[in-house]
Amino acid sequence: MEEIENVLIVRDDNIGDAVLFSGALRHLRHKYRNQRIRLCVSRACRPLFELCPYVDELIDMESLIPEWLRRISKKHHLFDNSLIRVFDGVWRKLACRQHLADVAICPVRSPRPLPYGIHGIVKAVSAKHKIGIAGDFANQSPEQDAAAAAVYTERFQLPPERCWDHELEITRDFLAYLGISSTLDDIWPEFWLSSEDLARADSRIPSIQGEVTLGISPASSVWWGRSYPPESYEPVFQALGDFRFRVVLLGAPAEIEFTRLILGALKRCSNVTSIQDLAGQTPLRHLVAVLSKCDIIFAMETAAAHIGVALRKPTVVVMGGGHYGRFYPWGNPEINRVAHLPMDCYRCKWRCRYSTIRCIQEIPPTAVAD
């Protein structure tokens, strides 16, 4: 440990995955208490960690991966794969040279294969020790996973029977591989908000005695087919009878068009007393603060769902079977509920055999209301 000065942690996750990993940083900070810790994440995830006291420096993943090369390759077919790999390798080496590290840690169970993604970054970093995870083939084939072994000095081997274990369980066991003892409660996700984040949420959603504030994040940013259909919302609220709600509608800028459809459906529901449409208006930390003000959170299997559970809020998550159990459900089953339609094709990794995502689209409104 005396020989280690710089530690680089690399993740190329979506926001929900980054939320699930956030609770591990405190333990990594304790292990590397005298070292400088750099965390490399996507720009979308960066706001989650900007105020984190356990990280000394944030690095944008996009600065190390030349996305412009891939855009060129799509538009100009003369740029074949071999040329792209040459340019990519040169760019990555130059970009990673400025980020010195003695230890590079890749705590992602199924990175994208070489030459892109995390494997390519870890390969380019001049660290003596490079630690990763092997054995999960969600985003890579067994052959690609085996090829990545040359990048690392050591890897935590994930047995095949554990490929559907929840992310938190894998993170706990990876920390144990690093010599860090923890429980699932120990690595519960954390958020680091500013007073401005909290004050802005307070001004947007003041507490009103006797009203139930229901935060709804209705869109799946992956594709709308993984979202509960807008025409099902009115029957859901009809089945809720006399329960009355003040609704806060949430979504990313790219989801505004879809949330408008939900807005129209909610306006026809007599037990929705008011609707505050914040779609496209909640940067990531502000979204966390807004969800902390809600009494109940209704969401698809997206970042909002993970944030809600991490905040220990009552949540109802509509989800399909593509990755059932790997990311969700988790938390307290008494308050963190799932509305789903079990089918024999569950865990298809979203390679759906049907023309529509039946395991989501056909969930009965009464099941959601219940």
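The values are calculated or read from the model by the stated rules, or taken from the named source; none is laboratory data. The structure presented is a predicted model; accordingly, all values stated were derived computationally and were not measured. Cβ sites come from the backbone with ideal geometry, for glycine too, and all protein chains shown count toward neighbours. Remember, those area values only see protein heavy atoms, side chains included, never the ligands or the DNA or RNA. Shrake-Rupley method; radii C 1.70, N 1.55, O 1.52, S 1.80 Å.
For segment 99-221, evaluate the Debye formula with one uniform point scatterer on each Cα (no solvent term) and list log10 I(q)/I(0) at q = 0.11, 0.12, 0.19, 0.21 Å⁻¹, rounded to two decimals. Listed by q, the Debye log ratios stand at -0.57, -0.65, -1.06, -1.19.
Across the accessible surface of segment 228-330, with the other protein chains kept in place and a 1.4 Å probe, carbon and sulfur atoms take up 55 percent. Among Gln276, Gln35, Gln209, the largest mean-square fluctuation in a Gaussian network model of the chain (Cα springs under 10 Å) belongs to Gln209.
Using only the alpha-carbon atoms, how far is helix 256-266 inclined from the longest principal axis of the chain? Give it as 0 to 90 degrees, nearest 10. The angle comes out near 20 degrees. The H on the amide N of Gly132, modeled in the peptide plane, is under 5 Å from the matching H of Cys106, Glu154, Arg155, Phe156, each at least 5 residues off or on a different chain. With the simple spin-label model, which puts each label point 7 Å out from Cα in the Cβ direction, the Asp344 to Asp370 separation comes to 2.3 nm. Remark: the Cα gyration tensor places segment 147-299 in the prolate category, a/c being 1.5 or greater and a/b exceeding b/c. Summarising the amide proton neighbourhood of Asp13: residues at separation of 5 or more, or on other chains, whose placed amide H is nearer than 5 Å comprise Ser42. The mean sequence separation of alpha-carbon pairs under 8 Å and at least six residues apart, normalised by the residue count of the chain, gives a relative contact order of 15 percent. Over segment 187-256, give the accessible area per residue in Å² for a 1.4 Å probe, as an integer. Per residue, segment 187-256 has 49 Å² of solvent-accessible surface. Highest mean packing comes first when the peptides 245-251, 4-10 are listed by Cβ atoms within 10 Å, giving 245-251, 4-10. If R0 is taken as 30 Å, the Cβ-Cβ distance between His166 and Gln144 corresponds to a FRET efficiency of 0.80. Can you tell me how segment 221-370 classifies by the Cα gyration tensor, rounded, prolate or oblate, using a/c under 1.5 as the rounded cut? Because its axes are fairly even, with a/c under 1.5, segment 221-370 counts as rounded.
Using a 10 Å cut-off on Cβ atoms, rank the peptides 326-338, 309-321 from the highest mean neighbour count down. Please report the intermediate quantities before stating the final value.
Details: 326-338: 16.7, 309-321: 21.8.
So the order, starting with the most tightly packed, is 309-321, 326-338.
For segment 258-323, the alpha-carbon radius of gyration amounts to 1.18 times the rule-of-thumb value 2.2 N^0.38 Å expected for a compact globular protein.
What is segment 156-313's relative contact order, in percent, from Cα pairs under 8 angstrom and six or more apart in sequence?
Contact order relative to length: 27 percent.
Return the label of the correct value of Cα Rg over 2.2 N^0.38 Å, as calculated from the structure shown, out of [x] 1.04; [y] 1.22; [z] 1.00. Here the calculated entry is [x]. With the simple model of a label 7 Å out from the Cα in the direction of the Cβ, Gln361 to Glu62 spans 3.3 nm. A Cβ-based charge dipole, computed about the Cα centre of the chain with Lys and Arg at +1 and Asp and Glu at -1, lands at about 800 debye.
Could you compute the FRET efficiency for Arg36 and Asp185, with r as their C-beta to C-beta distance and R0 at 25 Å, rounded to 0.05?
0.30
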